[in-house]
Amino acid sequence: MSFIMKLHRHFQRTVILLATFCMVSIIISAYYLYSGYKQENEPSELMSEVDCGDFQHPPYRLTEVKTMKLSDALKTDPTVLVFVESQYSSLGQDIIMILESSRFQYHIEIAPGKGDLPALTEKTKGKYILIIYENILKYINMDSWNRSLLDKYCMEYGVGVIGFHKTSEKSPQSFQLKGFPFSIYGNLAVKDCCINPHSPLLHVTKSSKLEKGSLPGTDWTVFQINHSAYQPVIFAKVKTPENLSPPVSKGAFYATVIYDLGLHDGIQRVFFGNNLNFWLHKLIFIDAVSFLSGKRLTLSLDRYILVDIDDIFVGKEGTRMNTNDVKVGFLSQSFMIRSSLSGFTNCLGFSGAKGFPRMWDFHFIGMS
């Protein structure tokens, strides 16, 4: 009997210990679950302020876009006029490199201080479809005679202007571009890039959520827009705001690229607040060229894949491709591969490998 009593008490203690252990486990699990939930749902410093999709209120919302008419574009040659600071300027070389790699025709001119402009028309046709200024101040500060000639040409032929602004001073500064209703802050470090999803410029560039992190360089120019005729394209925060007048807000977004809709004078413009070292600026630059040229100077969104398998012709005997293999490749192209990959093509090209002067180089070219 005493043995049964002892066994019963031992069983009770075991049940109590198990229940206690379960309760403690539940409490600990609930604590960590709550802590994790709290951390996940606490808005971070960056995301609590704004997201890319939140720019829907004026002046960020696109109310009207005066797009370039195709008839205007056809009145000009598909050539870009590029005004550079010098033949060896870094930004000028970057602009030319992008135009060349995109296979866009261009003509280079040294930006005149107060000199004459090059001939803009030939007979009744415009010579240039787009004007690019490496230094937008050379455009802003042109003498009134040449500026009126250039503006008249842009309005008559539907030609847009792209310009880049980089301050020459070493210390942060703020000022306003002559003739434009927005403020500029120069020589600043910026961070947390964001693309305006409402911008009509986007073609190759795709809008995305906030990209955290510092942007390269400490010589950025940002634009503070207070007019509905100007739309931000790329936003960023000022990383280390200085004592500027008017002051710069640490948590606010400022535009590093802006689009002038042309509502004021009929000329559409895109202003960049830095050079092309930042990769997103390169994409927006390509899209700006496409948009302002009425899509005449644009890159296709098609992508091609090339798989080079020429080694099968110069390998060991018994492993090289023969005539029957080539025929099977073309049959598979027509009846199998193209059913799932549109535009897939097998191509034959001559292989000049030493010792195999009459061999053919077999390539797969696929289009997505």
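The values are calculated or read from the model by the stated rules, or taken from the named source; none is laboratory data. Being a predicted model, the structure only gives us computed values, none of them experimental. No Cβ is skipped: glycine too gets one built from the backbone with ideal geometry, and neighbour counts run over all protein chains shown. Keep in mind that these areas ignore ligands, DNA and RNA; they rest on the heavy atoms of the full protein, side chains included. Shrake-Rupley method; radii C 1.70, N 1.55, O 1.52, S 1.80 Å.
The table for this structure:
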| quantity | calculated |
| --- | --- |
| Residues satisfying the stated conditions in the stretch 121-154, i.e. β-branched (Val, Ile, Thr) and within 25 Å of ARG296 (Cβ to Cβ) | THR121, THR124, ILE129, ILE131, ILE132, ILE136 |
| Which numbered condition LEU91 fails, given (1) under 22 Å from THR298 (Cα atoms); (2) part of a helix (DSSP H, G or I); (3) open to solvent by 30 Å² or more (accessible area, probe 1.4 Å) | (3) |
| Flag for VAL307 being at pLDDT below 70 and more than 30 Å from TYR106 (Cβ to Cβ) | yes |
| Residues satisfying the stated conditions in the stretch 253-283, i.e. open to solvent by 10 Å² or more (accessible area, probe 1.4 Å) and touching a Phe, Trp or Tyr at 6+ places or on another chain (Cβ under 6 Å) | PHE253 |
| Set VAL50, VAL65: member being in a loop (DSSP other than H, G, I, E, B), farther than 28 Å from GLY213 by Cβ and modelled with pLDDT under 65 | VAL65 |
| ALA119, sole failed condition from (1) modelled with pLDDT of 90 or more; (2) under 19 Å from PHE271 (Cα atoms); (3) not in a helix (DSSP H, G or I) | (2) |
| Among the residues listed as PHE164, PHE175, the single one being on the phi < 0 side of the Ramachandran plot, modelled with pLDDT under 85 and either in contact with a helix residue (DSSP H, G or I) (Cβ under 7 Å, 6 or more places away or on another chain) or not small (Gly, Ala, Ser) (or both) | PHE175 |
| Subset of the stretch 75-88 that is in contact with a strand residue (DSSP E or B) (Cβ under 9 Å, 6 or more places away or on another chain) and assigned to a loop (DSSP other than H, G, I, E, B) - its residue that is nearest to PHE164 (Cα to Cα) | GLU85 |
| Qualifying residue in the stretch 122-143 (condition: surrounded by fewer than 19 Cβ atoms within 10 Å (Cβ to Cβ), without any contact (Cβ under 8 Å) to a residue 40 or more places away in the chain, outside any helix (DSSP H, G or I) and in contact with a helix residue (DSSP H, G or I) (Cβ under 6 Å, 6 or more places away or on another chain)) | no |
| Segments classed as strands (runs of 3 or more DSSP E), wholly inside the stretch 183-302, with at least 2 members that are among the charged types (D, E, K, R) and touching a Ser or Thr at 6+ places or on another chain (Cβ under 8 Å) | none |
